[in-house]
Amino acid sequence: MSARALLEALRARAVAEAEQRARDLEGAAPAADVVAALEAVGAARAAGASPDSLSRVSAALEPGVASRALADDAALGFDALEEAALALLAAALAGDDPGEHEAAVRGALAARARAENVRLGAELVGARIPDLALAFVIAHDELVAPALARLTAWNDARGELAAAIAPEHRARFAFVTKAVHVAPSAIAHVAAIAELARAFPEVRERLAPVPAAPPQVTSLAAWAKARRARAADARIAVAASTDSGALTVLASDQVEVSLRGDATLVVDVHAPLAEGASPSVTTAAGRVVPMAPVPRTLGRFRVDLDDRDAAGGPLTLAIPLEAGAITLRVPPDGDE
């Protein structure tokens with residue numbers, strides 16, 4: 001099953017769960033049941049369900065009732081995020097077999113995902129989450145952010161949660177979506193490359209050559225050469241990664257563009273694409289090259305350009321979004 005088909009199946013299941021939770025609410029429903037319904041609504045929204053598709057569900061969740069339920073500390077349970085953050089930090093800093101911590105990591109990630117789903121559900125119905133509860137969310141994310149790279153060791157677990165997140169909501173679920181495509185073994189390579197570089201001078205020289213004067217930026221290839229030359233330590237990161245030395249070309253809320261190697265352009269689209277459409281690249285010579293979806297990812301496309309295209313003039317990237325097509329210059333204007 002493709003990533004898109006999986007998301008659609010998970011979305012349908014989430015909508016069905018939200019509808020069932022709403023039907024179960026009768027009279028003066030317990031706060032825990034109301035919060036569970038909000039969580040189900042939020043999970044459906046996170047999977048890309050539209051407000052219209054959830055209108056019957058949200059109608060059953062009156063804002064005042066939902067707000068009172070969210071004010072119930074026991075029902076809301078956001079204080080569990082403190083323990084979740086500590087569990088993730090403990091796993092990230094342990095440095096031993098990731099499998100020994102998998103259960104704790106899964107539980108901690110699920111707790112954080114639950115909190116975000118409740119927030120999404122509350123936003124949809126117009127209910128207010130207490131400031132103290134939001135403080136737990138902020139504190140969790142600030143604690144975990146420095147360890148996020150190490151948490152890629154559990155990308156199989158993170159990926160199961162990320163599969164249910166639509167592109168437009170990924171930024172809110174960065175604790176499971178950021179770098180989830182990276183191989184779980186990647187973080188272990190960083191230390192190995194550092195040891196290799198310390199042991200062999202020729203490896204150090206290869207990884208961190210003396211920067212050359214940056215050439216004039218007239219093409220994607222020239223831009224990449226200049227960028228790599230300006231960051232002498234970038235070669236260490238290149239060797240330590242499993243992504244062949246990705247360089248970020250540009251990034252926005254809607255799209256991220258990166259370069260792998262010398263001529264492979266990768267686009268991560270974080271907003272809904274037009275139905276059946278995909279990005280394309282127009283070369284300086286006017287040739288239009290369609291981008292292909294990357295297997296086992298959602299919203300990621302790539303194209304392997306000819307060396308001539310990469311070394312020619314700037315490229316034009318066309319991204320047909322549902323909200324309207326956008327075009328981008330690669331490399332960006334003024335980027336040297």
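Go through the stretch 108-125 residue by residue and tally those that are farther than 16 Å from ALA69 by Cα and open to solvent by 40 Å² or more (accessible area, probe 1.4 Å).
The number of residues fulfilling the criteria is 1.
Any residue in the stretch 246-264 that's in contact (Cβ under 8 Å) with a residue 24 or more places away in the chain and farther than 13 Å from VAL294 by Cβ: show its pairings with residues that are in a strand (DSSP E or B) and small (Gly, Ala, Ser) at Cβ separation under 8 Å, as long as the two are six or more apart or on different chains.
Every condition considered, the pairs that remain are VAL249/SER258; VAL257/ALA251.
Could you list, in sequence order, all residues of the stretch 37-52 that are touching a residue at least 12 places away in the same chain (Cβ under 8 Å), over 20 Å from the mean Cα position of the chain (by Cα) and open to solvent by 30 Å² or more (accessible area, probe 1.4 Å)?
GLU39, PRO51, listed by residue number.
How many residues does the stretch 71-103 hold that are part of a helix (DSSP H, G or I) and closer than 18 Å to ASP141 by Cβ?
15
Of the conditions (1) touching a helix residue (DSSP H, G or I) at 6+ places or on another chain (Cβ under 9 Å); (2) on the phi > 0 side of the Ramachandran plot, GLU19 fails just one. Which one is it?
Result: GLU19 passes all but (2).
Taking ALA84 as the residue in question, decide whether it is farther than 26 Å from THR297 by Cα, surrounded by 21 or more Cβ atoms within 10 Å (Cβ to Cβ) and modelled with pLDDT of 95 or more.
Spelling it out, ALA84 is indeed farther than 26 Å from THR297 by Cα, surrounded by 21 or more Cβ atoms within 10 Å (Cβ to Cβ) and modelled with pLDDT of 95 or more.
Tell me which of these ALA277 doesn't satisfy, since it passes every other one: (1) open to solvent by 30 Å² or more (accessible area, probe 1.4 Å); (2) at pLDDT 85 or above; (3) more than 22 Å from SER50 (Cα to Cα).
(3)
If we keep just the residues of the stretch 308-336 that are among the β-branched types (Val, Ile, Thr) and at pLDDT 90 or above, which is farthest from ASP253 (Cα to Cα)?
THR316
So is ALA40 assigned to a helix (DSSP H, G or I) and more than 22 Å from PRO167 (Cα to Cα) or not?
Here the answer is no, as ALA40 does not meet what is asked.
In the list VAL34, VAL65, VAL57, which residue meets the criterion of being under 18 Å from PRO130 (Cβ atoms), open to solvent by less than 30 Å² (accessible area, probe 1.4 Å) and out of contact with any Ser or Thr (no Cβ under 7 Å at 6 or more places or on another chain)?
Selected residue: VAL34, the only one of VAL34, VAL65, VAL57 that is under 18 Å from PRO130 (Cβ atoms), open to solvent by less than 30 Å² (accessible area, probe 1.4 Å) and out of contact with any Ser or Thr (no Cβ under 7 Å at 6 or more places or on another chain).
Inspect all residues belonging to the stretch 190-197 and state whether any of them is in a loop (DSSP other than H, G, I, E, B) and closer than 22 Å to ALA91 by Cα.
Within the stretch 190-197 (the criterion being in a loop (DSSP other than H, G, I, E, B) and closer than 22 Å to ALA91 by Cα), the answer is no, since none of the residues qualifies.
Whether any residue in the stretch 3-15 is open to solvent by less than 70 Å² (accessible area, probe 1.4 Å), more than 28 Å from PHE301 (Cβ to Cβ) and free of Cβ contacts under 8 Å to residues at least 40 places away in the same chain is what I want to check.
The answer is no, given that none of the residues of the stretch 3-15 is open to solvent by less than 70 Å² (accessible area, probe 1.4 Å), more than 28 Å from PHE301 (Cβ to Cβ) and free of Cβ contacts under 8 Å to residues at least 40 places away in the same chain.
Among VAL176, VAL180, which is the only one that is under 30 Å from ALA9 (Cβ atoms), among the aliphatic types (A, V, I, L, M) and either in a helix (DSSP H, G or I) or open to solvent by less than 20 Å² (accessible area, probe 1.4 Å) (or both)?
It is VAL176.
Is there a residue being open to solvent by less than 30 Å² (accessible area, probe 1.4 Å), modelled with pLDDT of 85 or more and of a type in the set (Lys, Arg) anywhere in the stretch 142-161?
Looking through the stretch 142-161, at least one residue is open to solvent by less than 30 Å² (accessible area, probe 1.4 Å), modelled with pLDDT of 85 or more and of a type in the set (Lys, Arg).
Listed residues ARG228, ARG300, ARG260; which is among the basic types (Lys, Arg), modelled with pLDDT of 80 or more, under 30 Å from GLU202 (Cβ atoms) and open to solvent by less than 40 Å² (accessible area, probe 1.4 Å)?
Of the residues listed, the single one that is among the basic types (Lys, Arg), modelled with pLDDT of 80 or more, under 30 Å from GLU202 (Cβ atoms) and open to solvent by less than 40 Å² (accessible area, probe 1.4 Å) is ARG260.
The values are calculated or read from the model by the stated rules, or taken from the named source; none is laboratory data. In this text the structure is predicted, and so the values were computed from the model without any measurement. Every residue, glycine among them, receives a Cβ derived from its backbone with ideal geometry; neighbour counts consider all protein chains shown. Each accessible area value is taken on the protein alone, full model and side chains, heavy atoms only, with ligands, DNA and RNA left out. Shrake-Rupley method; radii C 1.70, N 1.55, O 1.52, S 1.80 Å.
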